[in-house]
Amino acid sequence: MGFCYLNNIAIAALEAMATGARRVAVFDFDVHHGNGTEAILLDRPGCAFFSIHQFPCFPGTGALDAGENCFNYPVAPETSRELYRHTLAGAMDDLGKYNPDLIAVSAGFDAYARDPLVNAPLLTEDFYWLGQSLRVLGVPMFSVLEGGYSSGLPELILAYLKGVEGK
């Protein structure tokens, strides 16, 4: 449906399940809904999908939760930074309650306020906060770069990674 030919995050989550992980969660903060990830993981035992994304926005999916294990947190275009972060925090609370053995992060940096493709409010320090918030869950995790189209992308990734590392 456009951007993904191989869904790397879903492949990695399924491989983790096949090699011993009991509970794997995919946490997707790309501004576009991860409809492909959702379709692959839908109702798979031991997997959960948490997607924070702008809606309406391409691909036009993710308005509601799906199945028993796919949880969507849509935010409207032009949502305030405070409400966007509140939504992210709520999703992370739910992620923690799921109690995964492993978190696979679809790290999309297109929710940045200066991204040329969408209208979202996050700033560099918000991506640091995201990394830090995931780190304090105390669960092994890895991240896959999903999106981000601004010239500030390297700075955003570095801020996120510093949060993940606690620096």
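Laid out as a table, the results:
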quantity	calculated
Test: Phe58 is closer than 21 Å to Ile9 by Cα, of a type in the set (Phe, Trp, Tyr) and more than 15 Å from the chain's Cα centre (by Cα)	yes
Candidate set: the range 95-113, residues that are assigned to a helix (DSSP H, G or I) and in contact (Cβ under 8 Å) with a residue 60 or more places away in the chain; chosen: the one farthest from Tyr84 (Cα to Cα)	Tyr98
Tally of residues being free of Cβ contacts under 8 Å to residues at least 40 places away in the same chain, in a loop (DSSP other than H, G, I, E, B) and not hydrophobic (A, V, I, L, M, F, W, C) across the range 114-137	2
Residues of the range 90-130 classified as under 19 Å from Ala13 (Cα atoms), out of contact with any strand residue (DSSP E or B) (no Cβ under 8 Å at 6 or more places or on another chain) and either among the small types (Gly, Ala, Ser) or buried (at least 17 other Cβ atoms within 10 Å of the Cβ) (or both), total	1
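Since every read-out is calculated from the coordinates, none of them should be taken as a lab result. Note that the structure is a prediction, hence the values are computed from the model and not measured. We place every Cβ from the backbone using ideal geometry, glycine too, and count neighbours over all the protein chains shown.
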